[in-house]
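The values are calculated or read from the model by the stated rules, or taken from the named source; none is laboratory data. Values in this document were obtained by computation on a predicted structure and should not be read as measured data. Cβ placement follows ideal geometry from the backbone for every residue including glycine, while neighbour counts extend to all protein chains displayed.
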């Protein structure tokens with residue numbers, strides 16, 4: 001896989017790192033979104049990849065968000081189209097949803113600022129490890145609102161009251177504060193971010209990642225009415241038996257051994 005704005009690095013135990021590199025400040029552009037979608041699709045189908053880590057090549061910025069200059073320049077043209085601006089927002093939502101729906105664990109390794117769209121990409125991941133910088137949905141400070149899924153994912157993650165507070169105040173949180181409220185999973189020393197993220201990714205990779213992907217789908221159905229959510233869970237449960245993982249896990253259980261899913 002060769003991309004203009006991404007680099008894919010495959011490591012031990014089926015861990016793959018997707019490094020965002022879109023100079024000068026990792027803004028969200030059409031090229032980046034196209035490549036994120038393409039890479040997500042390829043990695044989803046690659047059985048050799050068990051866990052994905054999304055990181056940044058920029059030393060201070062995880063992802064800067066939308067290109068605001070382009071947004072201003074295109075604003076008049078988009079406003080002249082029927083639902084033009086709305087379609088632009090929906091385009092970013094679709095891109096990040098591809099990451100959210102990846103049928104295997106996804107970890108955001110946040111090495112710098114993740115504000116606005118950067119926070120929204122991180123929210124689309126299953127886990128968030130953060131070393132330095134600040135994170136938050138800061139769009140209201142610009143007179144706009146999060147438009148790439150942030151209002152929905154932050155509310156589901158932290159609840160309506162806390163999400164409203166953070167969005168209305170455009171709060172920028174340090175890693176420790178973000179961990180305290182549950183916005184990120186782990187605040188780590190900046191020089192240990194890659195090491196600790198890799199260790200956690202390998203721990204997941206040693207597990208039943210196909211079952212994790214199906215559990216991820218069932219967890220997503222928790223927003224549906226209970227009857228529908230239970231039906232989605234039962235279907236996902238049945239699908240686990242179409243993989244080799246139950247045979248491995250149950251055999252190890254009865255033989256009092258550690259299961260080896262890799």
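Could you grab me the full set of residues in segment 221-245 that are in a helix (DSSP H, G or I) and exposed (fewer than 15 other Cβ atoms within 10 Å of the Cβ)?
Hits for segment 221-245 are 222, 223, 226, 227, 228, 230, 231, 234, 235, 237, 238.
From 170, 187, which residue is in the same structural domain as residue 105 (by TED's automatic domain parsing), at pLDDT 95 or above and closer than 11 Å to residue 136 by Cβ? Talk me through it step by step, then tell me what you get.
Values: 187 fails: closer than 11 Å to residue 136 by Cβ.
170 is the lone residue from the list that is in the same structural domain as residue 105 (by TED's automatic domain parsing), at pLDDT 95 or above and closer than 11 Å to residue 136 by Cβ.
Could you pull out the residue among 117, 133, 150, 159 that is touching a helix residue (DSSP H, G or I) at 6+ places or on another chain (Cβ under 9 Å) and either on the phi > 0 side of the Ramachandran plot or modelled with pLDDT under 95 (or both)?
133
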### Task
Go through (1) crowded, with 20+ Cβ neighbours inside 10 Å; (2) more than 29 Å from residue 151 (Cβ to Cβ) one by one and return the number of the condition residue 191 breaks.
(1)
### Message
Show the residue pairs meeting these rules: Cβ distance below 9 Å; 6+ apart or different chains; first residue within segment 248-261 and at positive phi; second residue loosely packed, with under 14 Cβ neighbours inside 10 Å and at pLDDT below 95.
### Response
none
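Kindly provide the set of residues from segment 13-61 that are assigned to a helix (DSSP H, G or I) and either surrounded by fewer than 14 Cβ atoms within 10 Å (Cβ to Cβ) or in contact with a helix residue (DSSP H, G or I) (Cβ under 8 Å, 6 or more places away or on another chain) (or both), ordered by number.
First pass over segment 13-61, keeping only residues assigned to a helix (DSSP H, G or I): 13-14, 30-45.
Residues satisfying the conditions are 13, 14, 30, 31, 33, 36, 37, 40, 41, 42, 45.
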### Summary
Of the conditions (1) in a loop (DSSP other than H, G, I, E, B); (2) surrounded by 16 or more Cβ atoms within 10 Å (Cβ to Cβ), the single one that residue 163 does not satisfy is (1)
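So how many residues does segment 194-211 have that are assigned to a helix (DSSP H, G or I) and crowded, with 19+ Cβ neighbours inside 10 Å?
Going residue by residue through segment 194-211, those that are assigned to a helix (DSSP H, G or I) are 194-205, 209-211.
Then keep just the ones that are crowded, with 19+ Cβ neighbours inside 10 Å; that gives 197-198, 200-201, 204-205, 209-210.
Number satisfying all stated conditions: 8.
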